[in-house]
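K.L.:
Quick one: the structure is below, questions incoming.
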Number of protein chains: 2
Amino acid sequence: MVKIAIMGYGTVGSGVYDIIKADNFAYEAMNPIEIKYILDIRDFPDHKEKEIFTKDFNVILNDDEIYCVVEAMGGLNPAYEFTKSLLLAGKNVVTSNKELVATHGPELLRIAKDKNVNYLFEASVGGGIPIIKPLCSSLKANKIKKIAGILNGTTNFILTEMVEEGKSFSDALKMAQVNGYAERNPAADIEGHDACRKIAILASLAWGEYIDYKDIPTDGITNITLEDVDAASKLGYSVKLIGYADKRDGLFIWVSPMLVRKSCPLSGVNGVFNAILVDGNYLGTSMFYGQGAGKFATASAMVADVIESVRHINAKKAYIEWQVTEKSSVLPVSESENRYFVRTKEKQDRIEELFGKVSVSSINSENVFVTDVMKEKDFEDKAKTLGVISKIRVLDA
Amino acid sequence: MVKIAIMGYGTVGSGVYDIIKADNFAYEAMNPIEIKYILDIRDFPDHKEKEIFTKDFNVILNDDEIYCVVEAMGGLNPAYEFTKSLLLAGKNVVTSNKELVATHGPELLRIAKDKNVNYLFEASVGGGIPIIKPLCSSLKANKIKKIAGILNGTTNFILTEMVEEGKSFSDALKMAQVNGYAERNPAADIEGHDACRKIAILASLAWGEYIDYKDIPTDGITNITLEDVDAASKLGYSVKLIGYADKRDGLFIWVSPMLVRKSCPLSGVNGVFNAILVDGNYLGTSMFYGQGAGKFATASAMVADVIESVRHINAKKAYIEWQVTEKSSVLPVSESENRYFVRTKEKQDRIEELFGKVSVSSINSENVFVTDVMKEKDFEDKAKTLGVISKIRVLDA
């Protein structure tokens, strides 16, 4: 019998409770799992196990029987202080807290390594989609060249509604709110901050170097119009909010809307689904697809992490290290080379004067084209003089 | 320093050699990996490490320094005898040999468990795509409900050529042979035997019970015509060769061409790519996509398994068990319930008489329709009386 605690009895935390109550995973974990405490500041007087609830974190911290703690509180504080104390006390911690991992990952991972415990966070990116584990084990023989992910279900739902139902951005956002996919204050999703934490975690894992999410240029989808998705579609592309990272001499990394060619498997990822495309030097392109959020999808990933930790109960733990460099290796986006989708009212002659021979389509009395590959700063210089209605990076995959 | 051996220096075996020579994975495996022997019956007099080649299996078997052996020989014999001897001698074995795993998996896995060593076979299904590991760890909290996979790149290439280039089956097959995707004798691929071994392995893993591939009804794509893919496409479907397994009271499992709705992510999997859709009770639908074959894709999955095994060098190994039941739990396909795509010359009246109100499309002077969900034996009884040009199961996903 291995005893664990759950911190935070919200949507995800109660999902973890429900899953473990339905099956103690004695076979999978090679040891039955029992929930000894649930920490929450709220009262649950009608809960059938109300006696296991506590408001005192120290009860969990100081109980030597507690082997693993599921942190489903979210937010930075007190999740950070609690997690740090638990790891220092030699307890394993499993989390879905992308904010905490993206902010304090290097320190928490170092403590976990020193104490020979796990700090596991599969559920922090892509909900229930296995992506952290594959990056850390199955793809271990590969050098990762590129990651491009649809990492936020809310924005993908909105963009899908715009493409498939012809809804405006604001109508699609309302629809997402009505369906419970978007918060009343949707800024974290639609401005790209959620995807930014997630691509920071994936890039840190892929290259073993901590990427501070504050160094990642982040654009959301608030400027994407129905005219954009319509013109893109006519050229054979979908518009997706992409968390992008590309390692060469340094790292190009950003969150922004990008055009995805319809033959790319990311293009067909619709609604609240997420998908992460990973390009490895040996494997080539692979993709991981599934539900990026939701109570049980996310909770099942956390339970899998608990099982993983319990399975290796007496073993040396596999650890992850994120080196913190003095100078960020993130290169300025202006130095990146991409193709760009452009909508303009200007004539073909003027377009070709600036961008050379490109295929120009006339759509809704505008001229629409995709440039050749060029440096972003050169593109921006030329775009400034053109009178551009909109411009979106194109994903080369 | 951990010493390993490679058995079989063909395409995949030499890929493993090249990858480990380029990087000994000291960091990833927490211990540098060195190749001490290569077993092959052929001579490689010009190889830069010709001194490590041997033709004598016993050299490897009897060397206590050898911790892990990569079996890249293929075929049942002598791979079976060699693998069994190595496991019994307490050595870890990594393989891409789907034939061997599908045939002798239960025995070899039991020996591995008894000896506390790994028998790992990520590369046996989906080449470099992480699917075995996710099924065994990341998805561990889920009960798997359904697996549907495009498991053979050759047949998927042929079907893609038929759909996208309008090629006949035989022209598409020739094209696959010219490109090196199909063998001169393509039976194992086009008749579905390769996919059959792979779905047997996935089903055995998902439900912990050995599924004998000989119990799996297997149809290939040799009867699929251009008219089928064309009519299917007009109804909004792609035709794919699917390895299918669906657990209810018993197990429905087969390999056959199936119609996949274009909104299903499997539908966009084209060319030699593979993808496996997994439906879990908590996670919902997830999909794993990538190159299902190829020297370095496959070899990189084997190297990841070697790393995994080395990483847990002194630990209790996680094991897999496939229980062998006296009576196969595979249910007769005739009892399965599906929708069916039908092409016929008969009139709408006659169709509705048999199948009730269905939407009938007139395509190339035939009537084409998809039935409601019905038991396969009932469908077959009715189809017999209709005069059917072709009939294909529809994937409900």
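The values are calculated or read from the model by the stated rules, or taken from the named source; none is laboratory data. Source: prediction; values computed, not measured. Counting neighbours? That spans all protein chains shown, and the Cβs are built from the backbone with ideal geometry, glycine included. Quick note on the areas: whole protein, heavy atoms, side chains included, nothing else; ligands and nucleic acids left out. Shrake-Rupley method; radii C 1.70, N 1.55, O 1.52, S 1.80 Å.
K.L.:
Looking only at the stretch A:305-346, how many residues end up being farther than 23 Å from residue A:92 by Cβ and either open to solvent by less than 10 Å² (accessible area, probe 1.4 Å) or not in a loop (DSSP other than H, G, I, E, B) (or both)?
P.N.:
13
K.L.:
So, of the residues in the stretch A:259-273 that are more than 10 Å from every other protein chain (Cβ to nearest Cβ) and in a strand (DSSP E or B), which turns out to be surrounded by the fewest Cβ atoms within 10 Å (Cβ to Cβ)?
P.N.:
If we take residues in the stretch A:259-273 being more than 10 Å from every other protein chain (Cβ to nearest Cβ) and in a strand (DSSP E or B), then A:261 is surrounded by the fewest Cβ atoms within 10 Å (Cβ to Cβ).
K.L.:
Considering only the stretch A:355-381, state which residues are open to solvent by 70 Å² or more (accessible area, probe 1.4 Å) and in a helix (DSSP H, G or I).
P.N.:
A:377, A:381
K.L.:
Right, another one. Does residue A:242 satisfy the condition of being surrounded by 24 or more Cβ atoms within 10 Å (Cβ to Cβ), assigned to a strand (DSSP E or B) and touching an Asp or Glu at 6+ places or on another chain (Cβ under 9 Å)?
P.N.:
Details: surrounded by 24 or more Cβ atoms within 10 Å (Cβ to Cβ): yes; assigned to a strand (DSSP E or B): yes; touching an Asp or Glu at 6+ places or on another chain (Cβ under 9 Å): no.
When the stated conditions are applied, residue A:242 does not pass them.
K.L.:
If you take the residues of the stretch A:280-304 that are part of a loop (DSSP other than H, G, I, E, B) and more than 7 Å from chain B (Cβ to nearest Cβ), which of them is farthest from residue A:72 (Cα to Cα)? Full working, then the answer.
P.N.:
Let us first name the residues in the stretch A:280-304 that are part of a loop (DSSP other than H, G, I, E, B), namely A:281-283, A:292-294.
Adding the requirement that they be more than 7 Å from chain B (Cβ to nearest Cβ) leaves A:281, A:292-294.
Details: A:281: 35, A:292: 16, A:293: 14, A:294: 13 Å.
Among those residues, the one meeting the criterion is A:281.
K.L.:
Quick one: what pairs do we get from the stretch B:1-18, first residue free of Cβ contacts under 8 Å to residues at least 24 places away in the same chain, second among the acidic types (Asp, Glu), C-beta under 9 Å, 6+ apart or different chains?
P.N.:
Going by the 9 Å Cβ cut-off, the qualifying pairs are B:17/B:49.
K.L.:
If you don't mind, another one. Quick check, is residue B:277 away from chain A (no Cβ under 14 Å) and either part of a strand (DSSP E or B) or among the aromatic types (Phe, Trp, Tyr) (or both)?
P.N.:
no
K.L.:
Scan the stretch B:315-342 residue by residue and report those that are within 11 Å of chain A (Cβ to nearest Cβ) and over 24 Å from residue B:104 (Cβ atoms).
P.N.:
Hit for the stretch B:315-342 is B:315, nothing else.
K.L.:
Does the stretch A:68-76 contain at least one residue that is under 30 Å from the mean Cα position of the chain (by Cα), assigned to a helix (DSSP H, G or I) and closer than 21 Å to residue A:305 by Cα?
P.N.:
Quick first cut of the stretch A:68-76, residues under 30 Å from the mean Cα position of the chain (by Cα) only: A:68-76.
Next cut, assigned to a helix (DSSP H, G or I) only: none.
No, the stretch A:68-76 has no match at all.
K.L.:
Taking residue B:249 and the conditions (1) part of a loop (DSSP other than H, G, I, E, B); (2) within 11 Å of another protein chain (Cβ to nearest Cβ); (3) over 30 Å from residue B:28 (Cβ atoms), which numbered condition does it fall short on, given that it satisfies the others?
P.N.:
(2)
K.L.:
Mind listing whichever residues of the stretch B:38-52 are open to solvent by 40 Å² or more (accessible area, probe 1.4 Å) and either in contact with a helix residue (DSSP H, G or I) (Cβ under 6 Å, 6 or more places away or on another chain) or not aliphatic (A, V, I, L, M) (or both)?
P.N.:
Residues of the stretch B:38-52 that are open to solvent by 40 Å² or more (accessible area, probe 1.4 Å), as a first pass: B:41-46, B:48, B:50-51.
Selection gives B:42, B:43, B:44, B:45, B:46, B:48, B:50, B:51.
K.L.:
Identify the residue in the stretch A:4-30 that is more than 14 Å from every other protein chain (Cβ to nearest Cβ) and surrounded by fewer than 22 Cβ atoms within 10 Å (Cβ to Cβ) and, among all such residues, is nearest to residue A:91 (Cα to Cα).
P.N.:
Checking each candidate, the answer is A:9.
K.L.:
Another question, if that's okay. Which of the residues spanning the stretch A:305-314 are among the hydrophobic types (A, V, I, L, M, F, W, C) and either in contact with a helix residue (DSSP H, G or I) (Cβ under 7 Å, 6 or more places away or on another chain) or facing chain B (nearest Cβ under 7 Å) (or both)?
P.N.:
To start, the set of residues in the stretch A:305-314 that are among the hydrophobic types (A, V, I, L, M, F, W, C) comprises A:306-307, A:310, A:313.
If the condition is that a residue be among the hydrophobic types (A, V, I, L, M, F, W, C) and either in contact with a helix residue (DSSP H, G or I) (Cβ under 7 Å, 6 or more places away or on another chain) or facing chain B (nearest Cβ under 7 Å) (or both), then A:307, A:310 are the ones that fit.
K.L.:
Given the criterion crowded, with 24+ Cβ neighbours inside 10 Å, under 30 Å from residue B:308 (Cα atoms) and more than 14 Å from every other protein chain (Cβ to nearest Cβ), identify the matching residue among B:141, B:123, B:203.
P.N.:
Within the list B:141, B:123, B:203, the selection yields B:203.
K.L.:
Then there is this: Condition test on residue B:33, is it among the β-branched types (Val, Ile, Thr) and away from every other protein chain (no Cβ under 14 Å)?
P.N.:
No: the conditions fail for residue B:33.
K.L.:
Additional query: Say whether the condition of being of a type in the set (Asp, Glu) and in a helix (DSSP H, G or I) is met by at least one residue in the stretch A:95-111. Walk me through how you get there before you give the answer.
P.N.:
The first filter runs over the stretch A:95-111 and keeps only residues of a type in the set (Asp, Glu), leaving A:99, A:107.
Still in the list and also in a helix (DSSP H, G or I): A:99, A:107.
Taking every residue of the stretch A:95-111 in turn, at least one turns out to be of a type in the set (Asp, Glu) and in a helix (DSSP H, G or I).
K.L.:
Also, quick follow-up: Would you confirm whether any residue within the stretch B:98-105 is out of contact with any Gly (no Cβ under 9 Å at 6 or more places or on another chain), closer than 20 Å to residue A:132 by Cα and more than 9 Å from chain A (Cβ to nearest Cβ)?
P.N.:
Looking for residues that are out of contact with any Gly (no Cβ under 9 Å at 6 or more places or on another chain), closer than 20 Å to residue A:132 by Cα and more than 9 Å from chain A (Cβ to nearest Cβ), one finds none in the stretch B:98-105, hence no.
K.L.:
May I pose another question? If only one of A:189, A:171 is among the acidic types (Asp, Glu), surrounded by fewer than 18 Cβ atoms within 10 Å (Cβ to Cβ), over 10 Å from the mean Cα position of the chain (by Cα) and part of a helix (DSSP H, G or I), which one is it?
P.N.:
Criteria check complete, one pass: A:171.
K.L.:
Within the set of pairs 6+ apart or on separate chains, which have a first residue in the stretch B:149-160 that is under 14 Å from residue B:126 (Cβ atoms), a second that is among the small types (Gly, Ala, Ser) and modelled with pLDDT of 95 or more, and C-beta atoms under 6 Å apart?
P.N.:
Sorted first by the residue in the stretch B:149-160, then by its partner, the pairs are B:149/B:243; B:150/B:275; B:151/B:195; B:151/B:243; B:152/B:195.
K.L.:
Next question. In the stretch A:269-282, which residues are of a type outside the set (Asp, Glu) and either over 18 Å from the mean Cα position of the chain (by Cα) or farther than 11 Å from residue A:156 by Cα (or both)? If you could, list the steps in order and put the result at the bottom.
P.N.:
Initially, the stretch A:269-282 is screened for residues of a type outside the set (Asp, Glu), giving A:269-278, A:280-282.
Of everything in the stretch A:269-282, those that are of a type outside the set (Asp, Glu) and either over 18 Å from the mean Cα position of the chain (by Cα) or farther than 11 Å from residue A:156 by Cα (or both) turn out to be A:276, A:277, A:278, A:280, A:281, A:282.
K.L.:
So, residue B:256, is that one modelled with pLDDT of 95 or more, facing chain A (nearest Cβ under 7 Å) and open to solvent by less than 10 Å² (accessible area, probe 1.4 Å) or not?
P.N.:
no
K.L.:
Of the numbered conditions (1) assigned to a helix (DSSP H, G or I); (2) without any contact (Cβ under 8 Å) to a residue 24 or more places away in the chain, residue A:140 satisfies every one except a single condition; which is it?
P.N.:
With respect to (1) assigned to a helix (DSSP H, G or I); (2) without any contact (Cβ under 8 Å) to a residue 24 or more places away in the chain, residue A:140 is out only on (1).
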